[in-house]
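Read the structure below first, then the notes.
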Amino acid sequence: METAKLLGPLEMKTDAPLIYLDNNATTQVDPAVVEEMLPYLTTFYGNPSSAYAFGKRVGAAIDLARERVARLLDCEPGEILFTSCGTESTNTAIHSALAVDRDRQHIVTTRVEHSATLKTCELLAKRGYEITWLGVDSNGQINLRELETAIRPDTALVSVMWANNETGTLFPMDRIQDIVTEKGVLFHSDAVQVIGKLPVRLRDSRIHLLSLSGHKLHCPKGVGVLYVNRRSRFSAFMTGGGQENGRRAGTENVASIVGLGKACELAGQNIGVEALQVRTMRDSFEKAVLTRIPGSRVNGDIHSRLPNTSNLAFEGMDSEALLMVLDDAGICCSAGSACTTGSLYPSHVLKAMGFSDAHARSSLRFSFGRFNTNSDVDRTISALERAVERLRPLAVS
Ligand code: PLP
């Protein structure tokens with residue numbers, strides 16, 4: 001029996017169609033991606049490492065996917081290493097940097113990273129490695145002078161995310177690269193929220209290692225990429241078989257890799273138009289909310305932000321309660337990042353930006369994507385307005 005049948009229908013409190021405004025958590029898989037993947041779940045099930053034609057045909061599909069990913073990132077196919085997710089890519093980058101030079105065991109990162117970096121560095125600190133945590137200002141921006149002084153002769157890696165998953169704030173990548181290059185240290189960027197949303201040209205960059213995740217760009221979950229600059233030293237995290245040129249052991253997730261190749265091809269074709277459409281939708285949503293809902297304000301750097309993300313605080317409100325009311329109306333958004341929802345901790349990102357627990361707990365993230373429509377925006381604005389009107393008297397009583 002299909003699992004969907006086993007688990008029964010989606011229980012929703014409304015007959016209205018679902019509105020998915022949580023594209024920073026994950027994205028709807030593009031039907032063209034599914035179509036590209038299907039033969040690798042059915043007909044072409046060979047092992048890509050096998051020596052016969054049936055296996056080699058599957059290996060060729062991985063090669064094509066590698067070329068497509070490299071084209072989107074403007075780098076060499078040989079610099080693309082397929083992993084299982086963004087988290088694995090980041091873990092690999094950090095552990096590799098510590099392994100390639102035993103005299104360098106210090107890491108510089110920020111307080112607003114995704115838990116993939118945050119928890120890994122916290123664990124490393126417990127094991128005796130030194131971590132310097134860079135703070136951010138109220139827009140979520142780091143202080144570049146602080147970055148400069150944090151880098152030491154024994155620094156193994158600077159790991160700074162490109163765009164924040166909660167607020168969409170974009171860090172000044174060019175200036176960070178200037179500093180890191182001058183200091184001569186390895187640089188990793190968690191670009192999970194950027195790839196597919198903004199153009200990235202790694203050929204001209206001074207980034208050594210970069211993480212991305214398939215499910216953020218309309219590909220299924222379970223596949224990611226670590227870009228490893230061809231001139232950078234690298235030490236494998238997963239050891240075993242010789243897959244990925246000996247740099248990531250384990251039989252490849254072929255169908256998902258094929259899907260990621262297609263997703264990157266589609267992203268490359270649509271990126272300009274899509275970013276503009278999504279930005280227009282996000283901006284009109286935000287403008288309407290800020291005008292119609294008293295006590296609402298934007299969290300993040302409005303001058304340097306992803307085109308799809310709107311993180312809004314609703315003064316005096318409880319974001320969990322708002323989330324529930326919106327859920328009842330068939331609207332999906334997020335209070336903090338998806339990975340920490342369920343725990344009652346206020347967002348570490350908003351806390352690092354200097355906001356109170358109450359402010360952090362009054363904030364919701366709406367993240368738009370290519371499958372959203374103007375009608376989604378209109379319905380969400382009205383539902384949000386009604387939800388705040390309904391809950392606000394409770395919040396102040
Ligand atoms: N980094 C950032 C900025 C993210 O937003 C996410 C996912 O939310 C990750 C890393 C982890 O990616 P994955 O879910 O593929 O492990």
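The values are calculated or read from the model by the stated rules, or taken from the named source; none is laboratory data. Just so it is clear, the model here is predicted, and its values are computed rather than measured. When we count neighbours, we look across all protein chains shown, and the Cβ atoms used for this are built from the backbone with ideal geometry, even at glycine. Just the protein is used for accessible areas: all its heavy atoms, side chains included, with ligands, DNA and RNA removed. Shrake-Rupley method; radii C 1.70, N 1.55, O 1.52, S 1.80 Å.
Per-structure values
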quantity: Residues being touching a helix residue (DSSP H, G or I) at 6+ places or on another chain (Cβ under 7 Å), without any contact (Cβ under 8 Å) to a residue 40 or more places away in the chain and among the acidic types (D, E) - total across the stretch 158-181; calculated: 0
quantity: Any helices (runs of 4 or more DSSP H) falling wholly within the stretch 239-350 and containing at least 2 residues that are small (G, A, S) and closer than 18 Å to N24 by Cα; calculated: 254-292
quantity: R145 vs. criteria surrounded by fewer than 24 Cβ atoms within 10 Å (Cβ to Cβ), touching a residue at least 24 places away in the same chain (Cβ under 8 Å), charged (D, E, K, R) and more than 21 Å from R102 (Cβ to Cβ); calculated: no
quantity: Filter pass, Y40 being open to solvent by 30 Å² or more (accessible area, probe 1.4 Å), in contact (Cβ under 8 Å) with a residue 24 or more places away in the chain and either more than 29 Å from S159 (Cβ to Cβ) or in contact with a Gly (Cβ under 6 Å, 6 or more places away or on another chain) (or both); calculated: yes
quantity: Some residue of the stretch 214-229 being out of contact with any Phe, Trp or Tyr (no Cβ under 6 Å at 6 or more places or on another chain) and modelled with pLDDT under 95; calculated: no
quantity: Residue match in the stretch 95-102 (condition: closer than 30 Å to A263 by Cβ, open to solvent by 40 Å² or more (accessible area, probe 1.4 Å) and not in a helix (DSSP H, G or I)); calculated: no
quantity: The stretch 375-390, subset more than 14 Å from S284 (Cβ to Cβ) and at pLDDT 95 or above, residue most open to solvent (accessible area, probe 1.4 Å); calculated: R386
quantity: Residue match in the stretch 226-248 (condition: over 22 Å from E35 (Cβ atoms), of a type in the set (S, T, N, Q) and open to solvent by 50 Å² or more (accessible area, probe 1.4 Å)); calculated: yes
quantity: Criterion: within 22 Å of A352 (Cβ to Cβ) and out of contact with any strand residue (DSSP E or B) (no Cβ under 9 Å at 6 or more places or on another chain) - qualifying residue of L118, L123; calculated: L123
